[in-house]
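A quick write-up on the structure given underneath.
No lab work stands behind these numbers, since they all come straight from the coordinates. Here the structure is a predicted model, which means the values were calculated and not measured. As a convention, Cβ positions derive from the backbone with ideal geometry for all residues, glycine included, and neighbour counts pool all protein chains shown.
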Amino acid sequence: MNPLKCHPFPVQAHFRQSLVLTFAMPLAQLAARLPEPLSPDTLNGARAFVAVAMVQTENLRPKGFPAWAGNDFFLAGYRIFVRYTNRSGKRLRGLYILESQTDKRKMELLGNLMTHYNYTRIEVEQAFGEEEGVRTYSVSSISEGFAVKVRYEDDPGLPAGSPFSGWKEARRFAGPLPFTFTYDANSRRMLIVEGVRQNWTPRPVTVESFTMPWLARRGFDEAVLASAFVVEDIPYFWKRGVLERWTRNPAATII
């Protein structure tokens, strides 16, 4: 791994809002997309989950720098919920990032310089509104083809066809999941990045409509919308990345 792409220093930001759509899929389909050290985080050993997070990020900067030195941008992240057993035998829950999108060229360049999150730039439009006394949020991208509209209702319930029995069960897959993982098969090293959040209180929302071509492009035709939630006003920072040599023996050696 290139050391510069391994989160070489702590980074902080503020999330004005994060909207997350979680999709349930057959376990085998997602397991086939993961590198050997990672396993899907499942519901009752039968369904695995991929999430699409759409985040309005403010003041992203090296930790300790003043807010004015940061950058504001939109982020769309596509992740699989996973588990990993680290060198001490502890089983970690986290995310394996398939790809990321942003509306800023600067973030695309810096993101690909210092992470393995596969950034591309897209065009994005967002709109906050109110209909019949209920807050709404719409986000779409002409270049990417997605479009989502949600309503901030008091008791939205779960989407039709969700495998979750209720919001309490769905809450397990609403975060915060503190770790993200990147694996390099050639060197057999796992990069672990830990995120630290405050005020993480997921609020379920009603998905009025959504179009997500990314699912079909990835071959996820059997994906079912399982839950949707927002979090708002989140102070957030990522610790410096940690590299760990992976072996099938959990007593691995940290590098």
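List the residues, sorted by chain then number, that are 5 or more residues from ARG135 or on another chain and whose placed amide H is less than 5 Å from its amide H.
It is TYR152, by chain and number.
Find which of VAL55, VAL20, LEU38 sits farthest along the positive direction of the dipole of segment 1-109, computed with +1 on the beta-carbon of Lys and Arg, -1 on that of Asp and Glu, about the Cα centre.
Comparing the listed Cα positions along the dipole, LEU38 ranks first.
HN-Hα J couplings of segment 200-208 from phi, Karplus 6.51/-1.76/1.60, θ = phi - 60°, integer Hz, Gly and Pro as x?
Going residue by residue, I get 7, 10, x, 10, x, 10, 8, 8, 6 Hz, with x marking Gly and Pro.
Which value in deg cm²/dmol, rounded to the nearest 500, describes the helix-derived mean residue ellipticity at 222 nm for the chain, given -39,500 (n - 2.57) per DSSP H run of n ≥ 4 and division by the residue count?
Numbers: 4 runs with 24 residues, N = 255.
Value at 222 nm, helices only, nearest 500: -2000 deg cm²/dmol.
Could you calculate the FRET efficiency of VAL196 with THR120 from 1/(1 + (r/R0)^6), where r is the beta carbon distance between them and R0 is 25 Å, rounded to 0.05? All intermediate terms of the calculation are to be shown ahead of the outcome.
Details: r = 27 Å, r/R0 = 1.08.
Between VAL196 and THR120 the formula returns 0.40.
Give me the number: length gained by fully extending THR247 to LYS106, i.e. 0.36 nm times residue separation minus the C-alpha to C-alpha distance, one decimal in nm. Show your work: numbers first, answer last.
Values: separation 141, 0.36 × 141 = 50.76 nm, distance 3.68 nm.
Length gained, THR247 through LYS106: 47.1 nm.
If I stretch the segment between SER165 and SER140 completely, what's the gain in nm (0.36 nm per residue apart, minus their alpha carbon distance), one decimal? Don't jump to the answer; show the numbers that get you there.
Values: separation 25, 0.36 × 25 = 9.00 nm, distance 2.97 nm.
Computed gain between SER165 and SER140 is 6.0 nm.
Looking at segment 48-198 only, what percent of DSSP beta bridges run antiparallel? Nearest 5 please. Provide the component values of the computation, followed by the final result.
Details: 38 of 44 bridges.
Restricted to segment 48-198, the bridges split so that about 85 percent are antiparallel.
Report relative contact order for segment 147-235 in percent, whole number only (criteria: Cα-Cα under 8 Å, sequence separation at least 6).
Numbers: 117 pairs, mean separation 38.4, N = 89.
Contact order relative to length: 43 percent.
Karplus couplings for segment 186-192 from phi (6.51 cos²θ - 1.76 cosθ + 1.60, θ = phi - 60°), rounded to Hz, Gly and Pro as x?
Residue by residue, segment 186-192 yields 5, 9, 6, 10, 9, 9, 10 Hz.
What nm value, rounded to one decimal, do you get for the distance between ASP72 and GLU153 when each label is placed 7 Å out toward the C-beta?
For ASP72 paired with GLU153, the spin-label model returns 3.2 nm.
Between LYS63 and ARG91, what is the label-point separation in nm under the 7 Å Cα-to-beta-carbon projection?
2.8
With +1 on each Lys and Arg Cβ and -1 on each Asp and Glu Cβ, and nothing else charged, work out how big the dipole of the chain is about its Cα centre, in Debye to the nearest 20.
Roughly 1460 debye for the chain.
Using a Förster radius of 41 Å, what is the FRET efficiency between ARG203 and ALA46 based on their Cβ-Cβ separation? Nearest 0.05, please.
Result of the calculation: an efficiency of 0.90.
Across segment 147-156, in residue order, what do the Karplus-derived ³J(HN,Hα) couplings come to in whole Hz, using 6.51 cos²θ - 1.76 cosθ + 1.60 with θ = phi - 60° and x for Gly and Pro?
Computed from phi, the couplings for segment 147-156 are 8, 9, 9, 10, 10, 8, 7, 5, 9, x Hz.
Give me, ordered by chain and number, the residues 5 or more places off GLN17 or on other chains with an amide H under 5 Å from its own placed amide H.
Under 5 Å from the amide H of GLN17 lie the amide H atoms of GLN56, ASP233, each far enough along the sequence or on another chain.
What FRET efficiency comes out for GLU232 versus ALA32 if R0 is 25 angstrom and r is the Cβ-Cβ distance? Round to the nearest 0.05. Walk me through the numbers on the way to the answer.
On the way: r = 35 Å, r/R0 = 1.41.
It comes out at approximately 0.10.
Could you check which residue among ARG79, ARG218, ARG197 shows the biggest mean-square fluctuation in a GNM of the chain with a 10 Å Cα cutoff?
ARG218
Can you give me the long-range amide H partners of LEU95? Hydrogens built in the peptide plane at 1.01 Å from N, cutoff under 5 Å, separation of 5 or more residues or another chain.
Distant-sequence amide H within range of LEU95: VAL82, PHE179, THR180, PHE181.
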